[in-house]
Protein chains: 2
Amino acid sequence: MKVKGESGKRKRVQSAPTVSPAVMQQPAIVLVRPQLGENIGFAARAMANFGLTDLRLVAPRDGWPNDKAHAAAAGAAFLIDQARIYASVEDAIAELNFVLAATARPREMVKLVLSPESAAQELRQRGHAGERSGILFGPERSGLDNDDIALADAILTAPVNPDFASLSLPQAVLLFGYEWRKSESVPSLGRVTGFDGPAREGIAIPDTRPATRAELFALFEHLEGELDKTGFLRPPEKRPSMTRNIRNMFHRMGATEQDVRTWRGIVAALARRDKAKGGKVS
Amino acid sequence: MKVKGESGKRKRVQSAPTVSPAVMQQPAIVLVRPQLGENIGFAARAMANFGLTDLRLVAPRDGWPNDKAHAAAAGAAFLIDQARIYASVEDAIAELNFVLAATARPREMVKLVLSPESAAQELRQRGHAGERSGILFGPERSGLDNDDIALADAILTAPVNPDFASLSLPQAVLLFGYEWRKSESVPSLGRVTGFDGPAREGIAIPDTRPATRAELFALFEHLEGELDKTGFLRPPEKRPSMTRNIRNMFHRMGATEQDVRTWRGIVAALARRDKAKGGKVS
């Protein structure tokens, strides 16, 4: 069964019924526009080495299924068979609560940067708290682009030699998988509420949960739609970076489902004022 | 210059005179009877990723030099050029003080077993104490044989999934190199835990700075003032908790000065719409 969320729709996507609770706590490995089938196969092997099983592919360059991916995976071919395919990154991560972007190059964005070790511990904790997470890995040649990275809560970077920083796609997956397995013994500290340190110690947040990506995407569409009407997002050439910055702020705050509803209300309230007076703004 | 000790003699062999003290503290990566030139090249890349430079080859199957090794190494080809070639494992490790054998399968031998993490720390300490160390990696198909392993002080094993334990030769080198670099005392990313604490060094903040509380307070007043006009913050008894929640979200995002200006702009844009149409909202 494939889980395909639709970005922009306010929809809670159910996970596949066959996914066990143990697997549910695992991060999804999301290969974004992977180029070589061999690398997909090797990435699957690296996942199998460390017990990761949730492989997702966004628009693989050579289509799907891919015989080379299957052959290269060898004993991990079952992960290739199970892989879920998506047309967009937004769809691939729609039901996830926390998303990392693997990139060696921190861009001109304000994002938390995690090492594989701290990323594994962070995702382990969030898994204990019932959150679902995933990691975006970019195409071999170019890596993730800024729009991909803007969808993530934080950046995952391995501490490589700056003079020789190139890691292959399967190697990047391997290093995370290795730390993921090492973090098995990390204890649950209770509810995770975002990046707010003290909350990690176990402050209960009643009646809410981390927002899903689909909920956030719907908020973004709402807010940006209203801002478009005001002309705030002009000139057009600046709109992509402006919306990316706004989205990044929401990702960084670790928004809960309640937070998203609050913001939907705020945007609606501010935008509604003129309508209440009978005005109409196209 | 090649350093070739004689096996069986407890003799301290001097390192090559061109080797710097920093390199002297590095473990040698000893590929024992490697089969594929490509894997030698990939292993060299994995070394370069983490600043390891002492590559030694024992009886490479396809002879030496090896064009495929050179090509696969890409930017790390200098390590291939520098590699030292030996006829036997004994010769390759003659001047070393402490040797690990990388094998996924602990044999019928009483040997200390180290993870990549503890191995890196162990070798780092020994390097500080002036000892020279090395790690044996076996042929791709069969791995190290018992005679090779018997030469080592301890076994290096990565914590892989027992159901899928096969690591490629370059992957095994990569995992050790990764831990080697992590074990540098002057590090690295360290544990990054949140936006609010000392972890701020983990966040890349381009061209801006964290917002001051005064800037945030001004934003709150602006936003709440506009929301009051819309009736969003009613009933009055709920206003304190509603504004607290909104303020908390901004605190959690670790807002920068630029973020605050963006939000001031958003609030102004949304609130201005009716005025642009000539409406007046009290």
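The values are calculated or read from the model by the stated rules, or taken from the named source; none is laboratory data. As the structure is a prediction and not an experimental result, all values here were calculated from the model. Neighbour counts run over all protein chains shown; Cβ positions are idealised from the backbone, glycine included. Surface areas here come from the heavy atoms of the whole protein model, side chains and all, with no ligands, DNA or RNA. Shrake-Rupley method; radii C 1.70, N 1.55, O 1.52, S 1.80 Å.
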Worksheet item: Picking from B:Leu223, B:Leu219, which residue would you name as being closer than 21 Å to A:Thr243 by Cα, more than 11 Å from chain A (Cβ to nearest Cβ) and open to solvent by less than 40 Å² (accessible area, probe 1.4 Å)?
Response: B:Leu219
Fill in: Among (1) in contact (Cβ under 8 Å) with a residue 60 or more places away in the chain; (2) of a type in the set (Gly, Ala, Ser); (3) over 29 Å from A:Thr208 (Cα atoms) - the single one A:Ala158 does not satisfy
(1)
Item to complete: Scan the stretch A:31-50 for residues that are in contact with an Asp or Glu (Cβ under 6 Å, 6 or more places away or on another chain) and at the interface with another protein chain (Cβ under 9 Å from one of its Cβ atoms) and report the count.
Response: 0
Worksheet item: Given the structure, is A:Ser88 closer than 21 Å to B:Val160 by Cα and hydroxyl-bearing (Ser, Thr, Tyr)?
Response: no
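This table checks each residue for (1) at pLDDT below 90; (2) farther than 28 Å from A:Leu100 by Cβ.
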residue	(1), (2)
A:Lys229	no, yes
A:Arg247	yes, no
A:Phe250	yes, no
A:Ala255	yes, no
A:Arg261	no, no
A:Ala271	yes, yes
Worksheet item: Restricting attention to the stretch A:139-154, which residues are open to solvent by 20 Å² or more (accessible area, probe 1.4 Å) and among the acidic types (Asp, Glu)?
Response: A:Glu140, A:Asp145, A:Asp147
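Could you grab me the full set of residues in the stretch B:230-255 that are more than 47 Å from the chain's Cα centre (by Cα) and part of a helix (DSSP H, G or I)? Quick ask: steps written out before the conclusion?
Quick first cut of the stretch B:230-255, residues more than 47 Å from the chain's Cα centre (by Cα) only: B:230-239.
Answer for the stretch B:230-255, where residues must be more than 47 Å from the chain's Cα centre (by Cα) and part of a helix (DSSP H, G or I): B:Thr230, B:Pro236, B:Glu237, B:Lys238, B:Arg239.
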Worksheet entry | Single unsatisfied condition, A:Thr157 versus (1) more than 8 Å from every other protein chain (Cβ to nearest Cβ); (2) open to solvent by 10 Å² or more (accessible area, probe 1.4 Å); (3) touching a Ser or Thr at 6+ places or on another chain (Cβ under 8 Å) | (1)
Item to complete: Say whether the condition of being at pLDDT 95 or above, in a helix (DSSP H, G or I) and within 23 Å of B:Ser166 (Cβ to Cβ) is met by at least one residue in the stretch A:18-38.
Response: yes
Worksheet entry | Selection status of B:Val173, within 11 Å of another protein chain (Cβ to nearest Cβ) and at pLDDT below 75 | no
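Report whether or not B:Ser118 is of a type in the set (Ser, Thr, Tyr) and either more than 19 Å from B:Met47 (Cα to Cα) or outside any helix (DSSP H, G or I) (or both).
Working: of a type in the set (Ser, Thr, Tyr): yes; either more than 19 Å from B:Met47 (Cα to Cα) or outside any helix (DSSP H, G or I) (or both): no.
It is false that B:Ser118 is of a type in the set (Ser, Thr, Tyr) and either more than 19 Å from B:Met47 (Cα to Cα) or outside any helix (DSSP H, G or I) (or both).
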Worksheet item: Name the residues in the stretch A:256-266 that are assigned to a helix (DSSP H, G or I) and more than 7 Å from every other protein chain (Cβ to nearest Cβ), would you?
Response: A:Glu257, A:Gln258, A:Val260, A:Arg261, A:Trp263, A:Arg264
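Could you say which residue among B:Leu136, B:Leu167 is open to solvent by 40 Å² or more (accessible area, probe 1.4 Å), of a type in the set (A, V, I, L, M, F, W, C) and modelled with pLDDT of 90 or more?
On the way: B:Leu136 fails: open to solvent by 40 Å² or more (accessible area, probe 1.4 Å).
Of B:Leu136, B:Leu167, the one residue that is open to solvent by 40 Å² or more (accessible area, probe 1.4 Å), of a type in the set (A, V, I, L, M, F, W, C) and modelled with pLDDT of 90 or more is B:Leu167.
Consider the stretch B:25-63. How many of its residues are of a type in the set (Lys, Arg) and at positive phi?
So the first thing to find is which residues in the stretch B:25-63 are of a type in the set (Lys, Arg), and the list is B:33, B:45, B:56, B:61.
Among the residues that remain, those that are also at positive phi are: B:33.
Residues in the stretch B:25-63 being of a type in the set (Lys, Arg) and at positive phi: 1 in total.
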Worksheet item: Can you find even one residue in the stretch A:42-50 that is closer than 27 Å to A:Asn146 by Cβ and not hydrophobic (A, V, I, L, M, F, W, C)?
Response: no
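Do we have B:Ile135 as free of Cβ contacts under 8 Å to residues at least 60 places away in the same chain and either more than 10 Å from chain A (Cβ to nearest Cβ) or outside any loop (DSSP other than H, G, I, E, B) (or both) here? Walk me through how you get there before you give the answer.
Details: free of Cβ contacts under 8 Å to residues at least 60 places away in the same chain: no; either more than 10 Å from chain A (Cβ to nearest Cβ) or outside any loop (DSSP other than H, G, I, E, B) (or both): yes.
Judged against the criteria, B:Ile135 is not a match.
From the list B:Leu52, B:Leu123, B:Leu96, which residue is crowded, with 20+ Cβ neighbours inside 10 Å, modelled with pLDDT under 95 and part of a loop (DSSP other than H, G, I, E, B)?
Working: B:Leu52 fails: modelled with pLDDT under 95; B:Leu123 fails: part of a loop (DSSP other than H, G, I, E, B).
Just a single option satisfies the conditions, and that option is B:Leu96.
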